[in-house]
Amino acid sequence: MTSPRSEHPRPRLRRGRWASLNGAWSFVFDDEDRGLAQHWERAIPGEAPLDRQITVPFCPQSELSGIADRGRHDVVWYARRFGDVRRVPSQRLLLHFGAVDYRATVWVDGAQVATHEGGSTPFTADVTDALAGGALVTGTPADSEHTVVVRACDPLDDLEIPRGKQYWRTDTEGIFYTATTGIWQTVWLEPVAPERVVDLRLDPDLDAGAISVEVDLTTAAIGSRLRLVVGLHGEVLVDDIVAVTAARLQRRFPLAADGQGAGRDVGDWQGIQTWSPEHPTLYDLRAELTSAGGKTLDAVDSYFGMRKIEARDGRLYLNHRPFYPRLVLDQGYFPGGLLTAASDEDLRRDIELAKELGFNGARKHQKIEDPRWLHWADRLGFVVWAEMPSPYRFSAAAVRRSTAEWQAVLRRDMSHPCIIAWVPCNESWGVPALGTDPAQRSHLLALYHLTKAADPSRLVVSNDGWEQATTDLWTVHDYGAATALRGRYTDLGAALAAAPCGRSVYTTGFRHRGEPLLVTEFGGVAVNNDAATSGNARHWGYQTAADGDDLLGRYTDLVAALVSSPVVAGFCYTQLTDIEQEANGLLTFDRKPKADLADLRRATLQTPPTRPATAPGSADHR
């Protein structure tokens, strides 16, 4: 039987050999938190206390897990057997977790091999030394030689955890949805050599026509040779070999003809093929480690896109061409799986549907998405605003947790070409007293500068929606009707004075310094349907349309109001799909359009007839 979500879980750093541990695991709720004292890490899978069954990687709240229990269970335990998939004893065996919400402790054959805090980020354990002396075999997890046990703790009443839209109460309401506890992304094994690539960072420099490659290696790799091969459409462009003298190597390669980059001349790219929503060209990269004698020790495959995003003169520019973001708010909840899509095809289809609706990107709202979704955004040409889930109480613990996990997010995702903006904070969630508390302002400002220090190539929105500090973009959330939008965005003065949600545009001590203005939440139109309920919670939206035709008319008017503004440089509509009680998507939760899809697309792609044309020979990415 094929395990669920069997595609490679880490498309940015792939090896040929790996083994999924998704599928049936033993499971138990630990509501009295007895497991540590009673040493459940030594439990036998399938026997008491771990005598229930769950389907990983789906959380126990979801139907696809086979548990479907949405009651409060702060502590859960998992166990399963796995086989040693190494080919030779000299290899190491890595155990990877895509994401476990929120704190995880992992044992193999009774020995603790990992602890991790952070519900959205991956972690890895080298379990080689913990394998309890079983015979070395070649095979799959079905060989059942060893036991892995996982304890996950996610206390609902801890509002200092970055939890995003996961509600801390058992009955969902308003803009908050069913929580996720425990394993919710793929678990997998990877046999590796002691001398290996640990990570890659790929930084395109479009102006110079070059790619910078940073390779992290194990210390055991020192003394070997690293080969980097860059290709495009099957043609080798770079074939570089260098001696490994340190555990981190940095290489830079010209890709443009005659070593000349794009510069600001939009008419001549000197052989560089750029990444954009219209033409999502990706270069391939392969990293190989070889011994002094030429034996291959490790090989990984990756990819990158040549693109540049910047904000100047009140507009956004992608690859030096004017770019008008037409984004949709995407919160990443899926039928049956909640935060986890049932299949890789579901992740791809969400992006395809958004593009069919006319959107060129998404603001992934209050969720760090599965790397497979980012992979499809890279492949299909779909820009992404990546946003950190928020805590809901300010404290030293919340600062530590958010900062640590955000840095792990940046490390995981900064080589994806689809991401053009980072959003460490949304609507002052977790920092509710920005206007009066200097510590909260300092935290917001620190997150902005930390993000720019880690990745200076992308735009950073300090606090999406209102109360901005230093920021690259001025973003506004405005759920007014079309007539109100037309009045509020006639010029910069009107927009600065509007405060549509009753919040100041900039927080104390900060002001507008020419950043482009984008309306990054608006609309939220639901279709009136008295039969549409979710439990006892009535479906709702920020506005209500009578039927699909009325929805289309309202949506058309709302988009027209923004694209006709001389100062609005882009928008993000709320939202792609319905989620539980919040029924203001253009699509239902099961991804059915609420109005004719082609008509919705025409509405999304509206441009005012008076908007100036771009320069001859250039493309305006609208």
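The values are calculated or read from the model by the stated rules, or taken from the named source; none is laboratory data. Owing to the predicted nature of the structure, the values given are computational and were not obtained by experimental measurement. So basically every Cβ, Gly included, is an ideal-geometry build from the backbone, and we count neighbours across all protein chains shown.
Suppose we filter Leu517, Leu552, Leu485, Leu562 for residues that are at pLDDT 95 or above and over 23 Å from Thr471 (Cβ atoms); which single one remains?
Exactly one residue qualifies, and that residue is Leu552.
Say whether the condition of being surrounded by fewer than 22 Cβ atoms within 10 Å (Cβ to Cβ), in a helix (DSSP H, G or I) and at pLDDT 95 or above is met by at least one residue in the range 456-468.
no
Take the residues of the range 419-432 that are within 24 Å of Phe359 (Cβ to Cβ) and out of contact with any Phe, Trp or Tyr (no Cβ under 6 Å at 6 or more places or on another chain): which is surrounded by the fewest Cβ atoms within 10 Å (Cβ to Cβ)?
Glu427
Quick check on the range 330-339. Is at least one of its residues within 11 Å of the chain's Cα centre (by Cα) and of a type outside the set (Asp, Glu)?
Yes.
Given the options Arg412, Arg441, name the one that is over 25 Å from Ile183 (Cα atoms) and either at pLDDT below 95 or among the charged types (D, E, K, R) (or both).
Just a single option satisfies the conditions, and that option is Arg441.
Just name the residue that is surrounded by the most Cβ atoms within 10 Å (Cβ to Cβ) out of those in the range 403-418 that are over 23 Å from Cys572 (Cα atoms) and not hydrophobic (A, V, I, L, M, F, W, C).
By that ranking, first place goes to Ser415.
Return yes when Asp33 is surrounded by 20 or more Cβ atoms within 10 Å (Cβ to Cβ), more than 29 Å from the chain's Cα centre (by Cα) and farther than 27 Å from Glu580 by Cα and no when it is not.
no
Quick one: which of Ala613, Ala603, Ala598, Ala583 is surrounded by fewer than 16 Cβ atoms within 10 Å (Cβ to Cβ) and either modelled with pLDDT of 95 or more or within 17 Å of Asp330 (Cβ to Cβ) (or both)?
None of the other options fit; the residue is Ala598.
The conditions are (1) assigned to a loop (DSSP other than H, G, I, E, B); (2) out of contact with any Ser or Thr (no Cβ under 7 Å at 6 or more places or on another chain); (3) surrounded by fewer than 18 Cβ atoms within 10 Å (Cβ to Cβ), and Gly435 fails exactly one of them. Which is it?
(2)
Only residues that are touching a residue at least 12 places away in the same chain (Cβ under 8 Å) and either under 12 Å from Arg151 (Cβ atoms) or not assigned by TED's automatic domain parsing to the domain that holds Thr121 (or both): list them for the range 23-41, please.
Phe27, Val28, Phe29, Asp30, Asp33, Gly35, Leu36, Trp40, Glu41, listed by residue number.
Residue-wise test of (1) of a type outside the set (Asp, Glu); (2) in a loop (DSSP other than H, G, I, E, B); (3) out of contact with any helix residue (DSSP H, G or I) (no Cβ under 8 Å at 6 or more places or on another chain); (4) over 24 Å from Gly336 (Cβ atoms).
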site: Ser6; (1), (2), (3), (4): yes, yes, yes, no
site: Pro11; (1), (2), (3), (4): yes, yes, no, no
site: Arg17; (1), (2), (3), (4): yes, yes, yes, yes
site: Trp25; (1), (2), (3), (4): yes, no, yes, no
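Read through the list (1) farther than 22 Å from Ala19 by Cβ; (2) of a type in the set (D, E, K, R); (3) not in a loop (DSSP other than H, G, I, E, B), then give the number of the only condition that Arg72 fails.
Here Arg72 meets the rest and fails (3).
Are any residues in the range 178-198 in contact with an Asp or Glu (Cβ under 8 Å, 6 or more places away or on another chain) and of a type in the set (S, T, N, Q), and if so, which ones?
Thr178, Thr180, Thr181, Gln185
Would the range 337-356 turn up any residue that is in a loop (DSSP other than H, G, I, E, B) and on the phi > 0 side of the Ramachandran plot?
No, because not a single residue in the range 337-356 is in a loop (DSSP other than H, G, I, E, B) and on the phi > 0 side of the Ramachandran plot.
So for the range 360-374 (the condition being part of a strand (DSSP E or B), of a type in the set (Val, Ile, Thr) and surrounded by 23 or more Cβ atoms within 10 Å (Cβ to Cβ)), does at least one residue qualify?
Looking through the range 360-374, none of the residues is part of a strand (DSSP E or B), of a type in the set (Val, Ile, Thr) and surrounded by 23 or more Cβ atoms within 10 Å (Cβ to Cβ).
Tell me the strands (runs of 3 or more DSSP E) entirely within the range 483-595 that contain at least 3 residues that are assigned by TED's automatic domain parsing to the domain that holds Phe359 and in contact (Cβ under 8 Å) with a residue 60 or more places away in the chain.
517-521, 568-573
Just checking, does the range 70-79 include any residue being crowded, with 21+ Cβ neighbours inside 10 Å, within 24 Å of Pro191 (Cα to Cα) and not acidic (Asp, Glu)?
yes
Taking only pairs six or more apart or across chains, which ones have beta-carbon atoms under 6 Å, a first residue in the range 105-122 that is closer than 24 Å to Ala398 by Cα and touching a residue at least 12 places away in the same chain (Cβ under 8 Å), and a second residue that is among the aromatic types (Phe, Trp, Tyr) and assigned to a loop (DSSP other than H, G, I, E, B)?
Going by the 6 Å Cβ cut-off, the qualifying pairs are Gly119/Tyr102.
Does Leu558 meet the test of being under 30 Å from Ser62 (Cβ atoms) and aliphatic (A, V, I, L, M)?
No, not satisfied.
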